[in-house]
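The next block holds one structure in the form of structure tokens; read it before the comments.
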Amino acid sequence: MTGTLLEATPEDVRAAINRIPAAVVVVTVSSDEGHIALEVSTFVSASFDPPLVLVCIPRSAAGFATFQSAVAFGVSRLVP
């Protein structure tokens, strides 16, 4: 393959990344008040044994304390 290699600017990289569809992940917990669900932008598998995931939830999010104290949660992944 022949051609010219072009250097990408940070703006070019950002524009390219923004075109990649991302899955939407919703994390849900139950409390005495009912179910609380949040859409999260970061959901990563951290370990398979033991099974651990990383979820980023802002402290300012409604229900943050409920998520922090939950002993179980559910995950829904919506793919575009």
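Per residue, the accessible area of the chain comes to 85 Å² when a 1.4 Å probe rolls over the protein heavy atoms.
Roughly speaking, what is the stretch gain from Asn18 to Leu54, that is 0.36 nm per residue apart minus the C-alpha to C-alpha distance, in nm to one decimal?
Numbers: separation 36, 0.36 × 36 = 12.96 nm, distance 2.22 nm.
Extra length available between Asn18 and Leu54 comes to 10.7 nm.
Computed in the context of the full set of protein chains, the accessible area of the chain at 1.4 Å probe radius has 59% of its extent on carbon or sulfur. Here the gap between Thr9 and Glu39, fully extended at 0.36 nm per residue and compared with their Cα-Cα distance, gives a gain of 7.7 nm.
The values are calculated or read from the model by the stated rules, or taken from the named source; none is laboratory data. No experiment lies behind these values; they were computed from the predicted model shown. When the accessible area is computed, the model is the full protein with side chains, heavy atoms only, and any ligands, DNA or RNA have been set aside. Shrake-Rupley method; radii C 1.70, N 1.55, O 1.52, S 1.80 Å.
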